[in-house]
1. Mind checking B:320-331 for the average number of partner chain beta-carbons within 10 Å of each residue's beta-carbon?
2. Express in whole angstrom the spacing between the alpha-carbon centres of region A:325-343 and region B:172-205.
3. Take every Cα-Cα pair in region A:263-416 and report what % of them are more than 25 Å apart.
4. When the Cα centres of region B:248-314 and region A:437-497 are compared, how far apart do they sit, in Å?
5. Order of A:222-233, B:5-16, A:174-185 by packing, highest average Cβ count within 10 Å first?
6. What lysines could a cross-link reach from A:Lys257, if we take a straight Cα to Cα line under 26 Å and drop same-chain neighbours fewer than 8 places away?
7. Restricting attention to the alpha-carbon atoms of region B:101-340, what are Rg (one decimal) and Dmax (integer), both in Å?
8. Just B:Ile76, B:Ile353, B:Ile46 to compare: in a GNM of chain B, with alpha carbon springs under 10 Å, which one fluctuates most?
Amino acid sequence: MPNPEMKKNAAGRMVPAEINGREAVPFRGVGKHRPDGTRAAPKVATCIDYPASGNKLVPDIKTALVEAGIRDGMTISTHHHLRNGDFVANAIFDAAAELGIKELVWFPSASFPCHKPIIEHMKNGVIHHIEGSMNGPLGDFCSHGGMRGMGVLRSHGGRYQAVQDGEVHIDISVIAAPTADPFGNAHGLTGPAACGLLGFALADSQYADRVIVVTDNLIDFPCVPWQIQGNYVDFVTTMDAIGDASKIVSGTTQITKSPDRLRIAEMAARFVRDAGIMRDGFSFQGGAGGTSLSFAIFLMDMMREAGVKARFVRGGSTQYLTRMLEEGLTDYILDGQTFDLDGVRSMRENPSHVNTSPFTSYNYHGKGCFASFVDCVVLGATEVDVNFNANVVTHSDGRLLHGIGGWQNCLFSPCVILPIPAFRDRIPVIVDEVTTLCGPGELVDVIVTERGIAINPRREDLLSAVRGTDLPIRTIEELKAEIDDLVGGAPAKPKFGDRVVAAIKWVDGTVIDCVRQLAE
Amino acid sequence: MSPNGQAGRRGDRVRSDCWISFEKTTDGGINIALKSKVESMYGDSIRATVREGLAVFGVEHANVTVEDTGALPFVIAARLEAAVKRALPDIDAEFLPEFKAHSNYGTTRNRFRRSRLYLPGDQSKLMLNAGLHRPDGVILDLEDSIAHTEKDAARYVVRNALRTVDFFGAERMVRINQLPAGLGDLEFVVPHNPHVILIPKVEDPTQVVAVDERVQELRKAHSVEAEIYLMPIVESGLGCWRAYEIAAASPNVVALTIGLEDYTADIGTQRTKEGRESFWARSQVVNGARAARVQPIDTVFADVTDMEGLLASVLEAKALGFDGKGCIHPRQIAVINRGFAPDEQEIEKAKRIVVAFDEAQAAGYGVVSLGSKMIDPPVVKRALGTVELAVRSGILARDWREGGDDA
């Protein structure tokens, strides 16, 4: 398949001017692209077409898909709150295969290794391509050119934006619901597959032509709180189990034992304290990754010691964030997803543990979003270059292995910190130029490695805030030189073929970079 | 069959290492089969390292298989050397990585030895960032952490690490094997700037002397100018009984330490958390070391998850008279250093003595006095050490004399 026309974007990257037959706008720079037009909207519905009893139950997912009018080439969406325990996405495409449907587009909010069977559906023609994060095996399949269409990777906020702006039209959305009623009201707080909240499915419920709620915990109306409102829902159906609870949330969240990661997390927390960001009423974003979780724990200790309280903390929540809330170290948790059972319990019981969505937190085409006023965030990255540009989707060998998640959206925080190891095995993390550009360097403020902290020279305020502290502040070039010396020189660049296999969108829907097929 | 040898580690759980199989052939040049998770980035570099090494060993025809999980060049070199020398033990040439400038620093006889971090000599991955955690010393171990079948291979890794890895100012220690094998370890260590040699399971002062003599021979042969100090480890009833003789066996001994696992087995008991069974031995080591004017250093604390237990153990060691403790996990270092830091009362007293000492010096008096009390020279020396330790521990500002606030 030949590539579409390629254009150079404002970051100097060559990107496709057309994606799967639709025109695409090359990245114009941060805050440069101004959308016009109006938001998309599904057809007006009428109560004439829905049972007055409120009972929208159909026997199974296959029937629901038929009733929803599934046809070749449609776009089917799912959310990823069930993470690596999800049974629903595979069930949908198995049913579609039985119905002889072809050329579907899968539009998940993220994919996981449990979705490996989707590869078979791409090979047998049921699925044409995926628009969404591709983790692990799916990313590998895409990198090697296995997918017929071009993959499109978006941030959580970018996904909401794309649906809202009409860039992606969802024909049928299937919402896996840990608890639901026959009208279609649903939440994630209880049930065998409890996952906390359902924020990633919000856009899907609002904008899809047809919405199917599938649950394994059907209760009588009303299912409250209705995180998903039944008034958006066409059909409700059941499965024996929508997911494997042990892979949805963990029983207890383990903190890392790696001394290097702990050191990095501790230095990041000290940076936040010593730069004066940690003060009464501040806010930060935690996460469940080894380093970001430990960061929150170290920061919690420092807050306790200094007698400082946060106004809010952004989740992914874990038992550690709920402890902060219960101890009074923060007034609120504004949660995007819950990672362990304690997080689910807290969200169920504590009114100050609030669920959020990509609309409230991340959507760049809204009237503001929370991401820009979280005082500091800690994020991961596979690579960072000497200009602080960062990559989160491909590895240095060119393979696509991760989704963007909320990562791009979080870059709008006033202090973006990447606590990352300076090298992994032999592979340096600080490079001349990132393999794939996901975040422009102007938005990345601080790199914390085990060998020192590099502050973006644009942030003279941060540089002077930590002057005179005992934090090991170094230039990014120094860190790079030290690691290159250790690992025996900078790595050779990956060898790519010509074909573009995936496009990387920026938060405003423009194309910031693309991923090419690996040379075999 | 043609000579062949294998070395290194492979398997799903191995990272940052490699396994190399070497077979000497008679024609066909060098054939390298490489399987590496960093192939696309460092495949050419790995092949170049192998070819360079074979050239050093004078091998022109060979089949080499490399299974690599992201080993650094110095590790690949060490694995290659072990594989080749297992096949061809008569080769004398060494495949030495460049001696890096950051490996070229010294030590002093009386430096602080509060925390010393044990690093298994064949696990290079653990060595790379060890110095970042700021232990007073790192110990590259050739003894108990190395399987008997891997003793030869570990020597190359330790030697190459001494030349290559930046330990960021930590004292560079190597624990050799129990004698006599340990004497054979020394030629892989002495030419590469070790600061201290740890001698395990010492029971007789002549063992210390034997190591010292071999070290001096090798220093001379390799024109090593820096002194190389010794730290005997006593690990038996007899060793503890002779603590003083062992500590005083050579002027190059700077510290004496104890290993309790072997000791408790030797005296027919088991280690307990309270440690009553080793009270005599530990006190004996403290007194033997002090009598010989060297530092008494305590054993390791084995439970890496119990930081409170560790701190209690450090405070107990300090109370018994020890100057330091071993550690087996980097997170133990800060706890140990904090535990050995002087407390407020000790610092205040030491500061007064140091000030009195400064004044006496300035006035040209030979005797230091505080109020009506005369202060003996050993007390002054100890006070100077306490103040320095407080500064190093971040409790006292370096410029405290000029009225700098406490750090």
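We did not get these values from a lab; they are worked out from the coordinates using the rules stated. Predicted model only: the values in this text are computed from it and were never measured. Cβ sites come from the backbone with ideal geometry, for glycine too, and all protein chains shown count toward neighbours.
1. Numbers: counts 0, 0, 0, 0, 0, 0, 0, 0, 0, 2, 5, 6.
Per-residue shielding by partner chains comes out at 1.
2. Measuring centre to centre over Cα atoms gives 53 Å.
3. Working: 3235 of 11781 pairs.
The share of Cα pairs beyond 25 Å in region A:263-416 comes to 27 percent.
4. After rounding, the separation between the Cα centres reads 43 Å.
5. Values: A:222-233: 19.0, B:5-16: 16.3, A:174-185: 27.6.
Order by mean packing, descending: A:174-185, A:222-233, B:5-16.
6. In chain and number order, the partners are A:Lys247, A:Lys480, B:Lys37, B:Lys125, B:Lys273, B:Lys325.
7. 16.4, 48
8. Highest fluctuation among the options: B:Ile353.
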